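The values are calculated or read from the model by the stated rules, or taken from the named source; none is laboratory data. Model, not experiment: these values are computed from the prediction. Cβ atoms come from the backbone with ideal geometry, glycine included; neighbour counts cover every protein chain shown. The area values use the complete protein model at the heavy-atom level, side chains included, leaving out ligands, DNA and RNA. Shrake-Rupley method; radii C 1.70, N 1.55, O 1.52, S 1.80 Å.
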Amino acid sequence: MLREKRQKQALRLTLPLVSSANSWHNRFLSPSPLSSSSSNSNLDDFEKLAVLGRGNGGTVYKVRHRPTRAIYALKVLKFGEDTERVQQQALREVEILKRVDSGFIVMCHGVFENGFADTDGGGEVCYFMEYMEGGSLHNLLQKHHRLSEDAISSIARSVLQGLNYLHTMQIVHRDIKPSNLLINSKGETKIADFGVSGVVAGTAKELYGSCMGTCAYMSPERIDPERWDGIYSDGCAGDVWSLGLVVMECCIGHFPLINPGEKRDWVTLMCAISFEETREMPETASAELRSFVRRCLHRNWRSRGTVKELLRHPFVTKFQNSAEKQLHYYVSCS
């Protein structure tokens, strides 16, 4: 029934588009500890403590809210030259963040226009996000290279639960990758960054006509929709493919579709994703892990495992009582 619905129905959920940034100054996403702490909170109430990361036109800071001493992550997105497009992207992300409320999604507490910038010129949007002490899965893999199967199982289960929540709300993330999966001090994994998420007012063809997101983790039907019939997919299966690559990367210690050190240019990725045989998991991996990855990485999206199916997969359920403890160990050693 679920796959039949996938094949016939495009993803549809209309969001309001706002043409002026002035109409969305300083939104607090309710409920928010920022909105409750002061009716006049502004950027001067925050103290920058450290830079957590940079990339894609933005910078993420660790900040302290002076009135409450609470710690947040501040994501500053600079408009640059392409102001209108970035504003619309930011507005869409805000509208998505206003709708979501899940323990498997990084919480956004509020949004300001303009903020801390390293250079003058151009406007910024500032997102005050839940601070995840363990950083990203990408950072964790840089330090530890490979993770144990119980830790990988914990990550897979949390991401699947987050995707199940999002897909139920007709939201497709479209950019599941290690740097967008954040881990807190308890060893809990949460999905972050909805800048390219696929809540759309158009058709599936429009959804797949755009290559927003990270090409390396794109599914075959996204990177080559004509060959893999992508215009009929609702996008949910693409998130499953991306998760399969993340799980495989956690096991083997490098991006799994090309050799370590090989350049991730468009042609190489296109061939690896759309044409080449998916590389086998190492023999040291358990049968459950190998089975899980195979279900995620079917090139034909109609044959790929669904989120609900994978939540019941033995690899996801076998470590249910202890997996977060192992992930907490990795975080504490970082």
* Asked: Could you give every pair whose Cβ atoms fall below 9 Å, whose first residue belongs to region 160-178 and is in contact (Cβ under 8 Å) with a residue 24 or more places away in the chain, and whose second residue is basic (Lys, Arg) and part of a loop (DSSP other than H, G, I, E, B), counting only separations of at least 6 or pairs across chains?
  -> Gln170/Arg12
* To do: State yes or no: is Gly305 open to solvent by less than 20 Å² (accessible area, probe 1.4 Å) and in a helix (DSSP H, G or I)?
  => no
* Can you run down the residue pairs with Cβ atoms below 8 Å, 6 or more apart or on separate chains, where the first is in region 104-121 and closer than 22 Å to Asn180 by Cβ and the partner is aromatic (Phe, Trp, Tyr) and at pLDDT below 50? => Val111/Trp24
* To do: May I ask you to list the residues in region 249-292 that are open to solvent by 40 Å² or more (accessible area, probe 1.4 Å), part of a loop (DSSP other than H, G, I, E, B) and touching a Cys at 6+ places or on another chain (Cβ under 8 Å)?
  => Arg264, Pro282
* **Residues that are modelled with pLDDT under 95 and hydroxyl-bearing (Ser, Thr, Tyr), drawn from region 261-317** => Thr268, Ser274, Thr278, Thr284, Ser303, Thr317
* **Residue ID - nearest to Cys296 (Cα to Cα), chosen from residues in region 130-153 that are surrounded by fewer than 23 Cβ atoms within 10 Å (Cβ to Cβ) and small (Gly, Ala, Ser)** => Ser148
* Starting from residues that are open to solvent by 10 Å² or more (accessible area, probe 1.4 Å) and charged (D, E, K, R), keep the ones in region 217-238 and report whichever is nearest to Ala272 (Cα to Cα). => Asp224
* Asked: How about region 189-226: which of its residues are assigned to a helix (DSSP H, G or I), modelled with pLDDT under 75, out of contact with any Pro (no Cβ under 7 Å at 6 or more places or on another chain) and closer than 25 Å to Phe79 by Cα?
  -> Glu206, Leu207, Gly209
* Say we look at region 154-183 and pick out the residues that are open to solvent by 30 Å² or more (accessible area, probe 1.4 Å) and in contact with a strand residue (DSSP E or B) (Cβ under 9 Å, 6 or more places away or on another chain); which of these is nearest to Leu243 (Cα to Cα)? -> Ser179
